[in-house]
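Some notes on the structure that comes next.
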Amino acid sequence: MKSVKRIILISLLAIAMIPVSCTRQDKVKPTKNVILMIPDGTSTSVLSVVRWYRQHQNPQNGTVTLATDPYLCGLVRQNCSDSPIAASPAAMTSFMTGYKVQGSNLSVYPARNEGQDLVNVNADSTWQPLSTVMEAAKILGHKSTGLVVTVIATHATPGATTAHTVSRSDNYNIIRQMASNRVDVLFGGGVNYIDDDVKSILDDNGISYIEKDVPAFRAVEKAPVWSLFAGEDMAFDLDRDTLAEPSLCEMTAKALSLLSKDKNGFFLMVEGSKVDYAAHSNDPMGIISEYDAFDKAVAVAMDFAKKDGNTTVIVVPDHGNSGMTMGDNDYKNYYKKGLDSAMAMLPQYKCTGEGLTGLIQAQGVDRIRPIFKEYTGIDLTPAEEKAVRESMANIEKDYMEVALSRNLKSVVTKILNAHVHFGYASGCHTSEDVFLAVYNPNGQVPMGWIDGTDLAGYMYGLLGVKGSLDELTSQIFVKSDVLLAGHETAVEGDKNAPVLVIDGKVRVHANRSYIEVDGQKKELASVSVYVPKNKNFYISREILNYL
């Protein structure tokens, strides 16, 4: 009898220790703050590779864990509306809006693709802007918002959080919408996209702007503030000039210190942006060092959340990329070999493939052999040196295409891979399910196998606001000819600055969060969006108050 009671007691304790799960339909208790962390383009296998790399670096520590490990809770399916393999814009849009869209779309409803669509697509809603969780946090929750990235600020992941364009390449409109949506903290790259017009929007919204000035960034004590450190993308963590660019970890800590001063709370998105870049190049040290840098930022966020007691942290890649594995076809008798053999020369790599390529370009062909020896420990064979020499003029500017052709960077990374034992499925995105790790102070975490769109509902619930994202969309992004039926309208201005004129007295500027009424500015809670593809304005019902 005693043994039976013991079994029952143990079973009850085990049930009590199971984390509280939630689905899209369950009621989620709100938390004051939400931190979403995206290691862009990270295949789940990378977690294992980085753990082994850290253990090899510090063998005395025994088993090594990552900051995400205690909070791993599920797998997430990601795809486009018409493709099983997700592109970054569509992937982030699913997290932010709860909708599957086409590959290049940033938080707009997709067009129909007959015979290929994987979801039901309503043609009447094509290119309709879709409200995002970050916009809901700002408009409905009155929370501060922040973005921390290591690429240009208009890139796919940050762009989808608070901008609405048919194409991810529409940098001109993306940056103006981000500024007009009053993002309180923005750290990353993209100085080249901040012109006088954007500076004027920032100034009108009381947002300070810091350009390529690390000391000024570190001295900032209050938001709103944007601080950008590079003309385009920031450098890989392993290659960066520490005097010119802060780490992702430091930028995350700074964002938290500023945003946490808001009594209403905040929504922060942090992206380990360039894991994806390295994966597209099949760059072994690039992938490992970039995820390692991201994981250190996760540790900062988790530490903040646990001390705060009212913050949820969600860590999830937007999609997989390259399918990196430890072990390749040349690694024979793998079960007889130790960790030193698996890592091979990797610990001697002092820079990424991109960093090595840059050094070769800067110093010239006569320095190819000594550069490889100094920064990787590799004594190039005559054939390897010849391959590098012959590729000096072949520069692939599109980071997504590096592994798909013979160019200087692909030749360099192939040499790096020839001296280690990692394999890759491709140099492209993969359809694999990505990992999910969540820290929630109330124990309510999504578990099992879910869809990326489910996270939008989960995060919306965490905001503690009424309604839904669809209801917010119906308030702030109404097709102008529907909302303004019975009013006289005309579109003026050029393609870069279209203006919707209503009854000759109200002027609605695209990519702005204000209107002009008889020459007087009236602030709006949301940005007005013009879609050139269908020549439609999408505007807020708030405008009706001025007609």
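Given the structure, is Ser289 open to solvent by 10 Å² or more (accessible area, probe 1.4 Å), within 27 Å of Met345 (Cβ to Cβ) and among the small types (Gly, Ala, Ser)? Yes; evaluated as a whole, the condition is true for this residue. Return yes or no: is Glu374 open to solvent by 20 Å² or more (accessible area, probe 1.4 Å) and either of a type in the set (Ser, Thr, Tyr) or over 35 Å from the mean Cα position of the chain (by Cα) (or both)? Taking the combined requirement at face value, the residue does not satisfy it. Listed here are the helices (runs of 4 or more DSSP H) enclosed by segment 173-267 that have at least 2 residues being of a type outside the set (Ser, Thr, Tyr), open to solvent by 50 Å² or more (accessible area, probe 1.4 Å) and free of Cβ contacts under 8 Å to residues at least 60 places away in the same chain: 196-204, 214-219. Residues of segment 519-529 that are in contact (Cβ under 8 Å) with a residue 40 or more places away in the chain and either open to solvent by 20 Å² or more (accessible area, probe 1.4 Å) or outside any loop (DSSP other than H, G, I, E, B) (or both): Ala525, Val529. Exactly one residue among Ala301, Ala279 is in contact with a Gly (Cβ under 9 Å, 6 or more places away or on another chain) and outside any loop (DSSP other than H, G, I, E, B), and that residue is Ala279. Of the residues Leu9, Leu72, Leu13, Leu36, the single one that is modelled with pLDDT of 95 or more and surrounded by fewer than 22 Cβ atoms within 10 Å (Cβ to Cβ) is Leu72. Do we find a residue being under 18 Å from Val527 (Cβ atoms), modelled with pLDDT under 95, aliphatic (A, V, I, L, M) and over 26 Å from the mean Cα position of the chain (by Cα) anywhere in segment 464-481? Within segment 464-481, not a single residue is under 18 Å from Val527 (Cβ atoms), modelled with pLDDT under 95, aliphatic (A, V, I, L, M) and over 26 Å from the mean Cα position of the chain (by Cα). Looking only at segment 498-518, residues that are hydrophobic (A, V, I, L, M, F, W, C) and not in a strand (DSSP E or B) come to 1 in all. Of the helices (runs of 4 or more DSSP H) lying entirely inside segment 389-497, the ones with 3 or more residues being open to solvent by 60 Å² or more (accessible area, probe 1.4 Å) are found at 469-476.
When segment 103-131 is filtered for residues that are open to solvent by 40 Å² or more (accessible area, probe 1.4 Å) and either closer than 17 Å to Asp470 by Cβ or touching a strand residue (DSSP E or B) at 6+ places or on another chain (Cβ under 7 Å) (or both), the ones remaining, listed by number, are Val119, Asn120, Asn122, Asp124, Trp127.
For segment 334-358, the set of residues classified as among the aliphatic types (A, V, I, L, M), surrounded by fewer than 18 Cβ atoms within 10 Å (Cβ to Cβ) and either touching a helix residue (DSSP H, G or I) at 6+ places or on another chain (Cβ under 6 Å) or part of a helix (DSSP H, G or I) (or both) consists of Leu339 only.
Pairing each residue of segment 392-413 that is touching a residue at least 40 places away in the same chain (Cβ under 8 Å) and more than 15 Å from Ala278 (Cβ to Cβ) with any residue that is open to solvent by 40 Å² or more (accessible area, probe 1.4 Å) and of a type outside the set (Val, Ile, Thr), provided the two are 6+ apart or on different chains, yields C-beta distances under 9 Å for Leu408/Gln361; Leu408/Met392; Leu408/Ala393; Leu408/Asn394; Leu408/Glu396. Can you pull out the residues in segment 76-102 that are out of contact with any Cys (no Cβ under 8 Å at 6 or more places or on another chain), assigned to a loop (DSSP other than H, G, I, E, B) and either among the charged types (D, E, K, R) or crowded, with 20+ Cβ neighbours inside 10 Å (or both)? Residues satisfying the conditions are Gln78, Asn79, Ser81, Asp82, Gly98, Tyr99.
With the structure loaded, tell me whether Ala123 is out of contact with any Leu (no Cβ under 7 Å at 6 or more places or on another chain), hydrophobic (A, V, I, L, M, F, W, C), touching a residue at least 12 places away in the same chain (Cβ under 8 Å) and more than 28 Å from Ala525 (Cβ to Cβ) or whether it fails that test. If you could, list the steps in order and put the result at the bottom.
Details: out of contact with any Leu (no Cβ under 7 Å at 6 or more places or on another chain): yes; hydrophobic (A, V, I, L, M, F, W, C): yes; touching a residue at least 12 places away in the same chain (Cβ under 8 Å): yes; more than 28 Å from Ala525 (Cβ to Cβ): yes.
So Ala123 passes the test.
Mind checking which residues of segment 304-333 are part of a loop (DSSP other than H, G, I, E, B) and surrounded by 24 or more Cβ atoms within 10 Å (Cβ to Cβ)? Don't jump to the end; show me each part of the working.
Initially, segment 304-333 is screened for residues part of a loop (DSSP other than H, G, I, E, B), giving 309-310, 316-319, 322-324, 327-333.
Hits for segment 304-333 are Val316, Pro317, Asp318, His319, Ser322, Met324.
Residue count for segment 26-62 satisfying the condition of being assigned to a loop (DSSP other than H, G, I, E, B), over 20 Å from the mean Cα position of the chain (by Cα) and in contact (Cβ under 8 Å) with a residue 12 or more places away in the chain: 7.
Here is a check on your reading of the model: is Leu500 open to solvent by less than 70 Å² (accessible area, probe 1.4 Å), over 30 Å from Thr311 (Cα atoms), out of contact with any helix residue (DSSP H, G or I) (no Cβ under 8 Å at 6 or more places or on another chain) and not small (Gly, Ala, Ser)?
Considered against the rule, which asks whether it is open to solvent by less than 70 Å² (accessible area, probe 1.4 Å), over 30 Å from Thr311 (Cα atoms), out of contact with any helix residue (DSSP H, G or I) (no Cβ under 8 Å at 6 or more places or on another chain) and not small (Gly, Ala, Ser), Leu500 comes out as no.
Give me the residue from segment 132-172 that is in a strand (DSSP E or B) and open to solvent by 10 Å² or more (accessible area, probe 1.4 Å) and, out of that set, farthest from Met92 (Cα to Cα).
Just the residues of segment 132-172 that are in a strand (DSSP E or B), to begin with: 144-152, 165.
Checking the rest, the ones that are also open to solvent by 10 Å² or more (accessible area, probe 1.4 Å) come to 144, 150, 152.
On the way: Ser144: 20, Thr150: 16, Ile152: 16 Å.
Filtering first and then ranking leaves Ser144.
Residues in segment 369-388 that are in a helix (DSSP H, G or I) and of a type outside the set (A, V, I, L, M, F, W, C): Arg369, Pro370, Lys373, Glu374, Tyr375, Thr376, Pro382, Glu384, Glu385, Lys386.
The values are calculated or read from the model by the stated rules, or taken from the named source; none is laboratory data. Keep in mind it's a predicted model, so treat the numbers as computed, not measured. Heads up, the Cβs are rebuilt from the backbone with ideal geometry, glycines too, and the neighbour counts pull from every protein chain shown. For accessibility, only protein heavy atoms count, side chains too; no ligands or nucleic acids. Shrake-Rupley method; radii C 1.70, N 1.55, O 1.52, S 1.80 Å.
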